[in-house]
Amino acid sequence: MIVLVGFMGAGKSSVGRLLAQRLGLPFVDSDDAVEQRTGRAIRDVFATDGEAAFRALERETIADLLGGPDVVLALGGGAVEDAATREALRGHDVVYLEVDLEEALQRVGGDAERPVLRDPQLAARYRTRVPDYAGVATLVVPTTGRDVEAVAGEVLTGLAAAS
Ligand code: S3P
């Protein structure tokens with residue numbers, strides 16, 4: 001199991017898909033898993049029930065996935081805000097895909113499916129999350145200015161060196 005964490009736009013899904021292909025493992029995105037579980041779009045869960053309700057669903061979904069079969073798992077960018085999720089990540093191979101806020105916003109800016117992008121405190125949220133990503137990570141890979149191939153290659157090398 002490889003778990004990818006990082007801010008929105010860090011490339012968790014695109015890098016994760018490539019890693020999964022290289023490793024012959026399924027790719028799972030926790031956002032997709034939440035949507036499948038609830039039968040609702042994340043945007044709707046945020047709008048109707050609020051962020052706290054989304055975080056609770058996200059926590060349960062991630063706990064199930066971590067206890068399930070081997071996959072490459074990309075977590076939603078805010079999953080590490082939850083202390084129980086941070087705790088559940090202990091003992092797993094967790095890769096922090098690092099990205100500058102500016103480049104992250106260039107990659108995903110304006111996406112209506114990502115309600116947190118409209119948070120007026122987005123920059124503060126980014127700064128608060130950085131130590132959480134770093135705290136759960138067993139490997140940190142910079143992605144700013146780099147393409148998916150280069151990042152995936154460094155993840156594979158880094159994990160091999162750590163094992
Ligand atoms: C969120 C990031 C999203 C998704 C939700 C909230 C966040 O995932 O979980 O919109 O709080 O940063 P991605 O990081 O895959 O965009």
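Just so you know, all these numbers are worked out from the coordinates, no wet-lab data involved. All figures in this text were calculated on a predicted structure; none of them were measured in a lab.
The Rg/Rh ratio for the range 61-111, using Cα coordinates for both the radius of gyration and the Kirkwood hydrodynamic radius, is 1.03.
Calculated mean residue ellipticity, 222 nm, the chain: -16500 deg cm²/dmol, from DSSP H runs (n ≥ 4) at -39500 (n - 2.57) each, averaged per residue and rounded to 500.
Close amide H pairs (under 5 Å, H built 1.01 Å from N) link THR144 with ASP100, residues at least 5 positions away or on another chain. The mean sequence distance of close C-alpha pairs (under 8 Å, at least 6 residues apart), as a share of the length of the chain, puts its relative contact order at 35 percent. Volume per residue of the convex hull around the Cα atoms, evaluated for the chain, comes out as 105 Å³.
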